[in-house]
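The values are calculated or read from the model by the stated rules, or taken from the named source; none is laboratory data. The structure displayed is predicted, hence computed values, not measured ones. Cβ atoms come from the backbone with ideal geometry, glycine included; neighbour counts cover every protein chain shown. Only protein heavy atoms, including side chains, enter the accessible area calculation; ligands, DNA and RNA are left aside. Shrake-Rupley method; radii C 1.70, N 1.55, O 1.52, S 1.80 Å.
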Amino acid sequence: DIVLKLMDGCLGRGDTFLEKGKDGFDGTIGAVTKVLEEKYNATKGVLVLEWVRPAKGHEVHSFDIVTMVMPDQSIQLVSCLYWGHCANGGSSTHDATAGFVIDVHEEKVIRAASWYSALFAKTMGQTGPSMSGTGTGYGEVGSGSVFPGLKKICEQAIAGHYSALEDQPWLHAIGWDAMFSTLGPVFFEGNYASHRIPRRVFLSWRSLFFFLWNSRGYASILAERVEAHENEQPSLSKNRTLSGPIPKDIARAGAAAPKRVAMRAGGLAAYAAHAR
């Protein structure tokens, strides 16, 4: 069984699931080539991957793991979420309708990830069959569910981040997707966590207020310097673009602030993820 994925795709866009014996697919290289030619029209950057199934007793699921470089250059775990209860028995967790926060030290689900988005605030706000916490199968995962071996998976993610930094020193945050499969624990994806990190600010009230408090200095300093420059250079265009080049000190401040803020927020999120 095969999964075809676009290298620059996201959220399942461009995915094709091919199961041997269904819809005329016989599992041969020729059959895969035919699908690539007909559906992707010789598009470059199509990954041909093995379709990995969840281990016995597990539903279709994903452990959403985020690791980040700290100010002291160590790498820490920011958070680990669980996605599951996929709509219509979906083939991937892009159809997940339930998400949970996991205490990695105890390898146990501790609460619903209702803060993640407006959708999950609605669907995860009330106790339902997907929050029973009685096991790891469909409709069983919830507060109290335990996943032995998850801590080791997260340790492997941290080790992988150290390894990635050797070739990509700019890679300060990585979002990993892993699962318990019929082949054992499997990492099936790893991305730059630019879209995942901002959401982690809302892991707890402590994280949110820490982020706001520590980011205010960078934002206010940058705003004051830009305002001072505008007063010196009043000839601005209608779209509020500076008429001349931005001074180097302002450009440096603008480039550095988001990075510092993200690292500070990540440090607190790492702490808050383990806080009760």
Among the residues in segment 132-150, are any among the aliphatic types (A, V, I, L, M) and farther than 22 Å from LYS56 by Cβ?
no
Is it true that some residue in segment 172-182 is open to solvent by 70 Å² or more (accessible area, probe 1.4 Å) and either more than 13 Å from ILE75 (Cα to Cα) or in a helix (DSSP H, G or I) (or both)?
yes
From HIS195, HIS161, residue being modelled with pLDDT of 90 or more and either within 26 Å of LYS56 (Cβ to Cβ) or not basic (Lys, Arg) (or both)
HIS161
Conditions (1) of a type in the set (Asp, Glu); (2) at pLDDT below 85; (3) surrounded by fewer than 11 Cβ atoms within 10 Å (Cβ to Cβ); (4) within 30 Å of GLU166 (Cβ to Cβ); number of the one not met by GLU50:
(3)
Of everything in segment 88-121, what is closer than 19 Å to ILE197 by Cα and small (Gly, Ala, Ser)? Give them in sequence order.
GLY99, ALA112, ALA113, SER114, SER117, ALA118, ALA121
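Can VAL201 be described as among the β-branched types (Val, Ile, Thr), on the phi < 0 side of the Ramachandran plot, at pLDDT 80 or above and out of contact with any strand residue (DSSP E or B) (no Cβ under 8 Å at 6 or more places or on another chain)?
Numbers: among the β-branched types (Val, Ile, Thr): yes; on the phi < 0 side of the Ramachandran plot: yes; at pLDDT 80 or above: yes; out of contact with any strand residue (DSSP E or B) (no Cβ under 8 Å at 6 or more places or on another chain): yes.
Yes, satisfied.
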Among the strands (runs of 3 or more DSSP E) lying completely within segment 66-157, list those that include at least 1 residues that are modelled with pLDDT under 90 and under 18 Å from PRO54 (Cα atoms).
75-86, 96-103
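Restricting to segment 88-113, count the residues that are farther than 13 Å from SER145 by Cα and open to solvent by 40 Å² or more (accessible area, probe 1.4 Å).
Going residue by residue through segment 88-113, those that are farther than 13 Å from SER145 by Cα are 88-98, 105, 113.
Filter once more, so that each one left must be open to solvent by 40 Å² or more (accessible area, probe 1.4 Å): 88-89, 91, 94-95, 97, 105.
The qualifying residues number 7.
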